[in-house]
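**Student:** Take this structure first; my questions come after.
The values are calculated or read from the model by the stated rules, or taken from the named source; none is laboratory data. Note that this is a predicted model, so its numbers are computed, not measured. Cβ atoms come from the backbone with ideal geometry, glycine included; neighbour counts cover every protein chain shown.
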Amino acid sequence: MRISVLQHVPFEGLGSMADEFAARNYSVTNHHLYLNQPLPKLTDFDWLVIMGGPMSVADTVQHPWLVTEQQLIAAAVSAGKRVLGICLGAQLIASALGAAVTPGRHREIGWHPVQGLTSHSVYSQLFTDNPTVFHWHGDTFALPHGATHLAHSEACQHQAFAIGTRVLALQFHLETTAESAQALLEHCGHELDGSLYVQPAKTVAGTLAQFTQIRTLMARTLDIMAEAAPLNAHH
């Protein structure tokens, strides 16, 4: 399996997914867009992973690659590639497929439960027990055409969606480790404004049990995606 990772800032990388991909012997190529590294070609990957970042989908003047990135995402979805977007990555999938991305009613930072929604999607099983997961976002997305809504939270109506079995968008973070949570606190700690769904830094920093739970959920998510038979399969 060939994986291309689109990374928007140095401090939001694969997190626990790096170990998961290594354990499965996948080949992983990181594309650091903030360094103006080129995007991969559609033929370079079987699976596109789009990471988070503090910028907004609309910040195309400061970050012109957001435009070409969305063109690649739309092409990858059309080609039947596996596409996984996290936080900003999820918003980019929504935007690339024609849905609006707007500021949310609430900023949501820290450990909050998501409520799973019953659907026929293979991904519904991930959220049936309303897991408490890691959040760090201010924007939210509308659901693109053909998307299955998978989860919501008190602060945010649209937490996750799938399109078929190959496209998954998660507003929250399952990949976060203790180290990457600390990096977010260092780089984006100014966003801890004490509002209703924003927890204090000590809570955001998390516990071993919390990180273990989301790591397990991340691994299950990757297994489901890996088993989704792609169009134009490359093995």
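**Student:** Looking at the range 91-110, is at least one residue among the β-branched types (Val, Ile, Thr), in a loop (DSSP other than H, G, I, E, B) and within 14 Å of residue 160 (Cα to Cα)?
**Tutor:** no
**Student:** Next question, about the same structure. Quick one: in the range 47-62, of everything that is assigned to a loop (DSSP other than H, G, I, E, B) and in contact with a Ser or Thr (Cβ under 9 Å, 6 or more places away or on another chain), which residue is nearest to residue 165 (Cα to Cα)?
**Tutor:** 57
**Student:** Quick check on the range 34-41. Is at least one of its residues out of contact with any helix residue (DSSP H, G or I) (no Cβ under 9 Å at 6 or more places or on another chain) and in contact (Cβ under 8 Å) with a residue 40 or more places away in the chain?
**Tutor:** Looking through the range 34-41, none of the residues is out of contact with any helix residue (DSSP H, G or I) (no Cβ under 9 Å at 6 or more places or on another chain) and in contact (Cβ under 8 Å) with a residue 40 or more places away in the chain.
**Student:** Any idea which of (1) of a type in the set (A, V, I, L, M); (2) surrounded by 21 or more Cβ atoms within 10 Å (Cβ to Cβ); (3) out of contact with any His (no Cβ under 9 Å at 6 or more places or on another chain) is the one residue 5 doesn't satisfy?
**Tutor:** Only one criterion in (1) of a type in the set (A, V, I, L, M); (2) surrounded by 21 or more Cβ atoms within 10 Å (Cβ to Cβ); (3) out of contact with any His (no Cβ under 9 Å at 6 or more places or on another chain) is unmet by residue 5, namely (3).
**Student:** Restricting attention to the range 55-110, which residues are surrounded by fewer than 19 Cβ atoms within 10 Å (Cβ to Cβ) and touching a residue at least 60 places away in the same chain (Cβ under 8 Å)?
**Tutor:** Those that are surrounded by fewer than 19 Cβ atoms within 10 Å (Cβ to Cβ) and touching a residue at least 60 places away in the same chain (Cβ under 8 Å): 56, 79, 80, 106.
**Student:** Looking at the range 123-150 only, could you name the residues that are of a type in the set (Val, Ile, Thr) and modelled with pLDDT of 95 or more?
**Tutor:** Result: 132, 133, 140, 148.
**Student:** Residues in the range 167-187: is at least one under 24 Å from residue 115 (Cα atoms), aromatic (Phe, Trp, Tyr), over 18 Å from the mean Cα position of the chain (by Cα) and at pLDDT 95 or above?
**Tutor:** no
**Student:** So is residue 18 under 14 Å from residue 88 (Cα atoms) and either small (Gly, Ala, Ser) or in contact (Cβ under 8 Å) with a residue 40 or more places away in the chain (or both) or not?
**Tutor:** Taking the combined requirement at face value, the residue does not satisfy it.
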